[in-house]
Structure formats: structure tokens, C-alpha cells
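Student: Before anything else, here's the structure in question.
Just so it is clear, none of the values below were taken in a lab; they were calculated from the coordinates. Fair warning: this is a prediction, and the values are worked out from it, not measured in the lab. So basically every Cβ, Gly included, is an ideal-geometry build from the backbone, and we count neighbours across all protein chains shown.
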Ligand SMILES: C[C@@](O)(CC(=O)O)C(=O)O
Ligand SMILES: [Mg+2]
């Protein structure tokens, strides 16, 4: 059973981000009331780091870069995967199997780096939720976000959202918990009730988050608070572990993990920072190429050949290939069999 009963004076240190250096900064831990349940990788990461910062990732390469720059975990963003795999907006077009496939590629590329995937609404009713969660677990994910939007869902900071009934969503949480059992999988229940087109608002979102915590979610996520004041209210009035979504250009003001920890949050996601940065870089370099016909005067804006090869382990792979296939001077193939080198003719 997990305990996060640190006083506001207790602290954890986390590595700084943005570069691979080991510079560390300290984030005061927020106390979590009612955070009981089975312990998972993400419970441990939150306990060890105070407030855990997770960048959004959308493919194997972005996950490798996030890991290399010192992040301890990543969030496979539905918005970013929809944008990069389909070239489509986050309006419910990406299917759960497409997300599971991408999440599996990411987990495969960074096997020792935990990721939480965006399960959106779970793809339908309780049975779809169970299938989706099983697929994400098989893909190697260590958790997911599941949200109470009606289908077709839309990205949380867009207009025309609707939510399903809170009891119906509590049943989806129960369905998810049933397949998770004692597995190492962290379930975040998200409510979009703050910003629907219908009658709801912040108090409804808080009521829902608390119901979802009672239904067994490991953490709750009130989507789209509109001000610092609303962030504080969510931090003060919801139970258990709390997730905060920091979205450049969205309706919630951007804050640091330190600032959010002081308001009572435990897990901070910047889901679109990488996607938007990569998009800006591509716009720039393709624009340059179209304009000038060459990149030769703009190489500083690009990763270097050797830098990129190092990032994806090219040299290591070539050495493995050489070790397994190199021919002896007499042109015989040497292979290792149970520790002994033998010649193949
Ligand atoms: C976090 C998010 O769900 C975006 C959102 O709806 O706020 C994502 O897909 O990255
Ligand atoms: Mg999403």
C-alpha cells in the first residue's frame, strides 16, 4: 500500500530537464489524502520525485530524446499520435488499436522507461475499455489516462465537448480495474466536465473526480481549469493523487512542477511541447530548403549526423553486426557457440 503523507516541508529531488546533465532540483511533495491502493511504478515515481514531470511523446524517437534529456517517464499523447500517425486532429479519429501499436513501438524503443498512454474514452463501453487496457498492458505501458467524454471525443481544450454520466464512467473505471488486477498499471481518471458545451462546470468536475477516486482510480485529472485560482481549488478539493495538464496555447495557465506541487498536484504533463517544437523545427528547415535549395548555411539548426547516430545507438548496432558476421582473414565466418568461437565453412 502506498503512502504519500509527507508534510509540506519534506522534499524530493528530481533531475533538471532540458539537458542530459545531472543537475538536480528539489520539489516539495504534496500530501495526498486517500491515495490507497496497489503500488505501481508510477506510485513509486511520484513518491520518489514529489511531483513527477512527464513530457508528451509520440514515437520511438521522441521517447528516446525525452529519456536522454533526463525525464523519468513519458506520456503517449493521443493528440500527438493522432497528429503524427494520421495527420488528423484529436477529434476521436485515432482508434485504440492504433494507439496501442504506437505505444508498443515506444515501449520497445525505451523498454526501461515507463510510459502512460492516452486511452481517450477507452473506445466505447466497459467491454471496449477492457480490451483497450489489455492492449496497452501488452504494449508495455505502465498506465493510462481514461476520460469521461462522450464519443466522439475531442481534445480537452476544444469546443463542443460532451461527457457521459458519472455513474456510467465509474463503471468504466471498475471495468478497467478488473483487468488491471494487481498488475503494474496506473489508472488516471480524467473528467472533462469543466469545459463541456452543456451545463457543467468546475464544481461538477470536482464532484466527478472525487467519485472516480472512490471508484478506484489511482489518480484523477480535472481537465482544463481556467485560472490559477481554479488550479488551487482542484488541488484543495479533490481526493488522492492529482494530475495537471499543461498545454501551450490551452485554457490553463502554464506552471512549473514546483508551483503545481505547492497547489497539491503530483503528476504534471506537458503533452504537446515536443510535438509543437518538432513541428516548428520542420516548418523552419523545410521552409529553408524550399527557399534556398540547400541546408548548407543553416546546419546549426539541425541535429548533427554523429549526434543523431549516437542518440539511436548506430555504432552499437554496427558493432553487433560486425561481431556476428565478420569474416576471418581466410574468409571464414566466425561464430560463438556456447562461449566458444568456431569457424563456419
Ligand atoms: C492530454 C491530451 O489528452 C490533450 C488534451 O485533451 O488536453 C493529449 O492527447 O495529449
Ligand atoms: Mg488526449
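Student: Given an 8 Å cut-off on Cα distances and at least 6 residues of separation, report the relative contact order of the chain as a percent.
Tutor: 16
Student: Could you tell me, in Å, what Rg and Dmax come out for the Cα atoms of the range 110-222?
Tutor: 13.5, 44
Student: Here is a further query. How big is the gap, in Å, between the Cα center of the range 275-308 and the Cα center of the range 99-129?
Tutor: So the two Cα centres are separated by 31 Å.
Student: Still on this structure: Which order do the peptides 251-264, 219-232 come out in when sorted by mean C-beta neighbours inside 10 angstrom, highest first?
Tutor: Values: 251-264: 18.4, 219-232: 20.8.
Final packing ranking: 219-232, 251-264.
Student: Take 270, 200 and order them by how many other Cβ atoms sit within 10 Å, fewest up front.
Tutor: Going from sparsest to densest Cβ surroundings: 200, 270.
Student: Given labels modelled 7 Å from the Cα in the Cβ direction, how far is it in nm from residue 167 to residue 283?
Tutor: 4.8
Student: Using alpha carbons only, how many degrees (0 to 90, rounded to 10) separate the axis of helix 166-180 from the longest principal axis of the chain?
Tutor: Computed tilt is about 40 degrees.
Student: Please determine, in degrees from 0 to 90 and to the nearest 10, the orientation of helix 126-138 with respect to the longest principal axis defined by the Cα atoms of the chain, where the helix direction is its Cα long axis.
Tutor: Approximately 30 degrees, to the nearest ten.
Student: Another question, then. Using a 7 Å offset from the Cα along the Cα-to-Cβ direction at both residue 298 and residue 232, what is the distance between the two label points in nm, to one decimal?
Tutor: Those two pseudo-labels are separated by 4.5 nm.
Student: So, one more: Nearest 10 degrees, 0 to 90: what angle lies between the long axis of helix 228-237 and the longest principal axis of the chain (Cα atoms)?
Tutor: 80
Student: Still on this structure, I have one more. Restricting things to Cα coordinates, could you compute the convex hull volume per residue of the chain in Å³?
Tutor: On the way: hull volume 63.9 nm³, N = 345.
In the chain, the Cα hull volume divided by residue count equals 185 Å³.
Student: Starting from the Kirkwood Rh over alpha-carbon pairs, what translational D in µm² s⁻¹ does the range 189-342 have by Stokes-Einstein at 25 °C and 0.890 mPa s?
Tutor: It comes out at roughly 120 µm²/s.
Student: Given the peptides 274-286, 81-93, 111-123, arrange them by the average over their residues of other C-beta atoms within 10 Å, most packed first.
Tutor: Top to bottom by mean Cβ count within 10 Å: 111-123, 81-93, 274-286.
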